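Sharing a structure, written as structure tokens. Questions coming.
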Amino acid sequence: MTSIDPGRVISQANTEPPPPQARAARWRAAPLLRASAALHCGALGLTALRPHLWPWTLGAVMANHLHLVAAGLTPRSQVLGSNWTRLPAQAATKGQIAITIDDGPDPEVTPRVLELLRAHGVRATFFCIGERARRHPALVRDCAAAGHSVENHSDRHSLAFSVMGPRRLRLEIERAQHTLAELTGQPPRFFRAPAGLRSPLLDPLLQRLGLQLTSWTRRGFDTVNGDGARVLQRLTRSLSAGDILLLHDGHAARNAAGMPVVLEVLPELLNQLKLRQLRAIGLEEALAWAP
Ligand SMILES: [Zn+2]
């Protein structure tokens, strides 16, 4: 069984990840974004030289925009920039997986999730909403003190996140980053977009802040489905090392008994991990294996 040490994992790792500034310095736009920029320049030039071809150039630009929107509406898409859908390969070879728990902290659910994780000696990752963290600061500190990763899930979890302009988008991320860093003593290193939806503006912003976008391998749909058996089945069907699992302590659906479904699912999920000899780690620990 894994024992949980106080403090954060990364401080114990030999391979300290590069600071945000170093990551930002190496940033390059994703191939699709570079191709989109080239296409827009080409369309402008062609319109200047051959104005009568405007229906074709406009069509090409619109098709490109549709492609970008479709990519942003696909949470596990890689084409808008780096996006973890699994742990790095080295973590998988060690039999590691990650349990990520979103939308908290929640005063009713989070303490009970922490107790379940403690009883099983398991680390997890809490993607916290900044505004909720300011309302329940002690819960965020409890997560960090128990050795779990505390990461950035935006400031207000706005449904409009994916269509925000550059300034609002930056504030959404930076406010949560500031809140969580103040509460835990360490800035988050991972970001998950609300509902996984994003725009092409997000990638450069995350790189500048030294944040790694993370989606998931499997999710239980536990905000909309209160059937614990079904949620567990979605998470454990084809479960394998390297998977990133998604559950929710905030916005949790209730089962037939009125219990937040994550509390029904988590004990059996943790038992199954043990049976399959998979070790749950916080995302920070996996950062040491990042390319
Ligand atoms: Zn969420």
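What's the number of the condition Ala29 fails, among (1) in a helix (DSSP H, G or I); (2) over 19 Å from Gly196 (Cα atoms)?
With respect to (1) in a helix (DSSP H, G or I); (2) over 19 Å from Gly196 (Cα atoms), Ala29 is out only on (1).
Report, by residue number, each residue of the range 246-274 that is open to solvent by 30 Å² or more (accessible area, probe 1.4 Å), under 17 Å from Ala229 (Cβ atoms) and either among the hydrophobic types (A, V, I, L, M, F, W, C) or in contact with a strand residue (DSSP E or B) (Cβ under 9 Å, 6 or more places away or on another chain) (or both). Step through it out loud before you land on a result.
Filtering the range 246-274 down to residues open to solvent by 30 Å² or more (accessible area, probe 1.4 Å) leaves 251, 254, 256-259, 264, 267-268, 271-272, 274.
From the residues that got through so far, the ones that are under 17 Å from Ala229 (Cβ atoms) too are 254, 256-259, 264, 267-268, 271-272.
Listed by number, the residues that qualify are Arg254, Ala256, Ala257, Met259.
Identify the single condition in (1) modelled with pLDDT of 95 or more; (2) open to solvent by 40 Å² or more (accessible area, probe 1.4 Å) that Ala195 does not satisfy, given that it satisfies every other one.
Condition (1) is where Ala195 drops out.
Something else now. Are there any pairs with C-beta distances below 8 angstrom linking a residue in the range 184-196 that is in contact (Cβ under 8 Å) with a residue 40 or more places away in the chain to a residue that is in a loop (DSSP other than H, G, I, E, B) and of a type in the set (Phe, Trp, Tyr), with the two at least 6 apart or on different chains, and if so which?
Short answer, once both residue conditions are applied: Gly196/Trp216.
Could you run through the range 277-288 and say how many residues are part of a loop (DSSP other than H, G, I, E, B) and either open to solvent by less than 20 Å² (accessible area, probe 1.4 Å) or touching a strand residue (DSSP E or B) at 6+ places or on another chain (Cβ under 9 Å) (or both)? Working first, answer last.
As a first pass, look at the range 277-288 and keep what is part of a loop (DSSP other than H, G, I, E, B): 277-278, 281-282, 288.
Cutting the leftovers down to either open to solvent by less than 20 Å² (accessible area, probe 1.4 Å) or touching a strand residue (DSSP E or B) at 6+ places or on another chain (Cβ under 9 Å) (or both) gives us 278, 281-282.
Qualifying residue count, the range 277-288: 3.
Has the range 148-160 got at least one residue that is more than 15 Å from the ligand (Cβ to nearest atom), in contact (Cβ under 8 Å) with a residue 40 or more places away in the chain, within 23 Å of Trp289 (Cβ to Cβ) and not charged (D, E, K, R)? Write out each step before concluding.
Going residue by residue through the range 148-160, those that are more than 15 Å from the ligand (Cβ to nearest atom) are 148-149.
If we keep only those that are in contact (Cβ under 8 Å) with a residue 40 or more places away in the chain as well, we get 148-149.
So of that shortlist, the ones also within 23 Å of Trp289 (Cβ to Cβ) come out as 148-149.
Narrowing the set further to residues that are not charged (D, E, K, R) leaves 148-149.
Yes, the range 148-160 contains at least one residue that is more than 15 Å from the ligand (Cβ to nearest atom), in contact (Cβ under 8 Å) with a residue 40 or more places away in the chain, within 23 Å of Trp289 (Cβ to Cβ) and not charged (D, E, K, R).
A follow-up question, please. Looking at the range 107-142, which of its residues are open to solvent by less than 20 Å² (accessible area, probe 1.4 Å), within 16 Å of the ligand (Cβ to nearest atom), assigned to a helix (DSSP H, G or I) and not small (Gly, Ala, Ser)?
Passing the criteria: Thr110, Val113, Val140.
Follow-up question, since we're still on this one. Within the range 87-106, can you find the residues that are open to solvent by 20 Å² or more (accessible area, probe 1.4 Å) and not basic (Lys, Arg)? Break it down stepwise before answering.
Narrowing the range 87-106 to residues open to solvent by 20 Å² or more (accessible area, probe 1.4 Å): 89-90, 92-94, 106.
Answer for the range 87-106, where residues must be open to solvent by 20 Å² or more (accessible area, probe 1.4 Å) and not basic (Lys, Arg): Ala89, Gln90, Ala92, Thr93, Asp106.
Counting just the residues of the range 234-245 that are at pLDDT 95 or above and more than 16 Å from the ligand (Cβ to nearest atom), which one comes out surrounded by the fewest Cβ atoms within 10 Å (Cβ to Cβ)?
Step one: filter the range 234-245 for residues at pLDDT 95 or above, giving 234-236, 239-245.
Then keep just the ones that are more than 16 Å from the ligand (Cβ to nearest atom); that gives 234-236, 239-243.
Values: Arg234: 18, Leu235: 25, Thr236: 18, Leu239: 16, Ser240: 13, Ala241: 18, Gly242: 21, Asp243: 21.
So, considering only residues that are at pLDDT 95 or above and more than 16 Å from the ligand (Cβ to nearest atom), the one surrounded by the fewest Cβ atoms within 10 Å (Cβ to Cβ) is Ser240.
The values are calculated or read from the model by the stated rules, or taken from the named source; none is laboratory data. Please read these numbers as outputs of a predicted model, since none were measured by experiment. Cβ sites come from the backbone with ideal geometry, for glycine too, and all protein chains shown count toward neighbours. Keep in mind that these areas ignore ligands, DNA and RNA; they rest on the heavy atoms of the full protein, side chains included. Shrake-Rupley method; radii C 1.70, N 1.55, O 1.52, S 1.80 Å.
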